[in-house]
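Engineer: My structure is below; once you've seen it, I'll send some questions.
Bear in mind these aren't lab numbers, they're just calculated from the coordinates by the rules spelled out. Not measured: the values here are computed from a predicted model. So basically every Cβ, Gly included, is an ideal-geometry build from the backbone, and we count neighbours across all protein chains shown.
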Amino acid sequence: MIPEEIKLSLVVPVYNRPHEVEELLSSLKDQDYNNDFEVVIVEDGSLNKCEHVCDQFKDNLNILYFFKSNSGPGDSRNYGMRKATGNYFLLVDSDCVLPSSYLTEVFNELKHKPVDFFGGPDGADSNFSDLQKAISFSMTSWITTGGIRGSQRALTKFEPRSFNMGLSKKAFEASKGFSNIHPGEDPDLSIRLHNMGFQSRYFPKALVFHKRRINLKSFYTQVYKFGSVRPILSHWHKKSFRITHLFPSLFIIVVLGCLGMTILNLNEGLLVAEINTFYVFLLGIMGLYHLTVFIKAFVELKSLKLTFMSILAMWIQFYGYGYGYIRSSIYLKLSRKSPEEILPEFFFGEYAKT
């Protein structure tokens, strides 16, 4: 049933990122959307506040600014949704820039076929740095993610990510929003919403440009955390496990296996014919996969430099995610304690490390 009125509220958690907020609000000011909408900025205990930036846009945008003590992005989004007046909440991160058609695309999707929660793709704008473009390819391409982040063929049963996620006020109130895990709060919410009977959909044209202002070291830390929380989510939600969650860990195991067999072959020639055949098979699989990634990256990015950078980003992504996944899985299997007690670094609140 189509709502009598669709009122959109954007909710943005912020932590020490005033410059990012300025870019995001600039992109919101330039939207071609013809209806009213509000922007809810939630300052999550920042020392470097963005209130003065918000004041600069108050003549052009309906902005609600709130400051609260630090409790993590999930709780800050919940806070913002409680303060918002719309009936659909759009969640974006402060390091996103929105194309001028973003709100129009979301509105048209909801008007055509209302849904309880939804999300769209992310990508790199042409003015992003080479590193941002390479990381964006690695984090969004089906060849490096297994297609779990959405595609034209995955329009339903979609698990949106909180940098580009929307949900109805009804879905938020029923689910009570995000839990205290971080990262991982967005798939956790999506799984709970699906279990409650709410419907999701992928909005292919609701694109955001996601800057991910990180270097290679912080990128590794980020994907390591992503991998670390996935076994926790599988522990909480048994039916949420997908074979694609294992791919980065299998990648690490295959690489280490190939390395070990190479050392044995070079030093002692100890491998029997059957093992050598398997060794050659693994090398062939790895070579074919890297060739596929190379071709896809080059076709999309049209640059040898960016292609090689994308392969490096892929290696960091797989190693960081895979190591985090293996480590957390072992901890959870060997302990009878709760995930909050075993891995408190991934939780805000009572179990969070201070």
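Engineer: Compute the orientation-averaged projected area for region 55-149 from the convex hull of its Cα atoms and round it to one decimal in nm².
Structural biologist: Orientation-averaged projected area of the Cα hull: 8.8 nm².
Engineer: Please list the equivalent ellipsoid semi-axes of region 1-86, computed as the square roots of five times the alpha-carbon gyration tensor eigenvalues, in descending order and whole angstrom.
Structural biologist: Output for region 1-86: semi-axes of 22, 17, 9 Å.
Engineer: A further question on this structure: Going by average Cβ neighbours within 10 Å, how do the peptides 119-125, 7-13 rank, with the highest at the top?
Structural biologist: Answer by packing, highest mean first, reads 7-13, 119-125.
Engineer: Would you please classify the overall shape of region 156-264 from the alpha carbon gyration tensor, given that a ≥ b ≥ c denote the square roots of the eigenvalues, rounded means a/c under 1.5, and beyond that prolate means a/b larger than b/c while oblate covers the rest?
Structural biologist: It is prolate, given that a/c is not under 1.5 and a/b is the larger ratio.
Engineer: I'd like to compare 290-302, 83-95, 35-47: which one has the highest average count of other Cβ atoms within 10 Å, and what's the full order after that?
Structural biologist: Highest mean packing first, the order is 83-95, 35-47, 290-302.
Engineer: Which three extents, in angstrom, do the Cα atoms of region 194-327 have along their principal axes, listed largest first?
Structural biologist: 58, 41, 26
Engineer: For region 115-123, what does the Karplus curve 6.51 cos²θ - 1.76 cosθ + 1.60, with θ = phi - 60°, yield as ³J(HN,Hα) per residue in whole Hz, taken in order and with x for Gly and Pro?
Structural biologist: 8, 6, 8, 6, x, x, x, 10, x
Engineer: Pulled fully out, how much extra length does the chain show between residue 55 and residue 195, if you take 0.36 nm times their separation in residues and subtract their Cα-Cα distance?
Structural biologist: Result: 46.3 nm gained on full extension.
Engineer: Using just the helices of the chain, give the 222 nm mean residue ellipticity in deg cm²/dmol: DSSP H runs with n ≥ 4 each add -39,500 (n - 2.57), and the total is spread over all residues, rounded to 500.
Structural biologist: Computed ellipticity for the chain at 222 nm equals -16000 deg cm²/dmol.
Engineer: Taking semi-axes √(5λ) of the Cα gyration tensor in Å as the quantity of interest, determine which of (i) 38, 23, 20; (ii) 39, 36, 18; (iii) 27, 25, 21 was computed from the displayed structure.
Structural biologist: (i)
Engineer: While we're on this one: Excluding same-chain residues fewer than 8 positions from residue 225, which aspartates and glutamates have a Cα within less than 19 Å of its Cα?
Structural biologist: Those aspartates and glutamates meeting the cut-off are 75, 93, 95, 159, 185, 186, 188, 340, 341, 345.
Engineer: Using 0.36 nm per residue, how much length does the chain from residue 305 to residue 236 gain when fully extended, once their Cα-Cα distance is taken away?
Structural biologist: Answer, rounded to one decimal: 20.7 nm.
Engineer: Evaluate the relative contact order of the chain (contact order divided by residue number), counting alpha-carbon pairs under 8 angstrom at least 6 apart; express in whole percent.
Structural biologist: Once normalised by length, the contact order is 18 percent.
Engineer: Long-range amide H contacts for residue 64: which residues qualify at under 5 Å (H placed 1.01 Å from N, peptide plane, sequence gap of 5 or more or a different chain)?
Structural biologist: It is 39, 40, 41, by chain and number.
Engineer: Taking amide H positions as placed in the peptide plane 1.01 Å from N, state which residues far from residue 199 in sequence (5 or more) or on other chains have amide H under 5 Å from it.
Structural biologist: Here 116, 117 satisfy the definition.
Engineer: Here is a further query. Which order do 65, 289 fall in if you start with the one that has the fewest other Cβ atoms within 10 Å?
Structural biologist: 289, 65
Engineer: In region 92-114, which residues have a backbone nitrogen under 18 Å from the label point lying 7 Å from residue 26's Cα in the Cα-to-Cβ direction?
Structural biologist: 93-102
Engineer: By the scheme Lys and Arg +1, Asp and Glu -1, what is the net charge of all other residues having a beta-carbon under 12 Å from that of residue 211?
Structural biologist: Computed value for this residue: -2.
Engineer: Counting other Cβ atoms within 10 Å, keep those with at most 15, restrict to DSSP loop, and tell me which chymotrypsin sites (Phe, Trp or Tyr not before Pro) in region 168-262 are left.
Structural biologist: 241
Engineer: Continuing with this model, one more query. Checking the table 211/302; 68/217; 7/83; 217/296; 49/133 against a 18 Å threshold on Cα-Cα, which pairs fail?
Structural biologist: Too far apart for the 18 Å limit: 211/302; 68/217; 217/296; 49/133.
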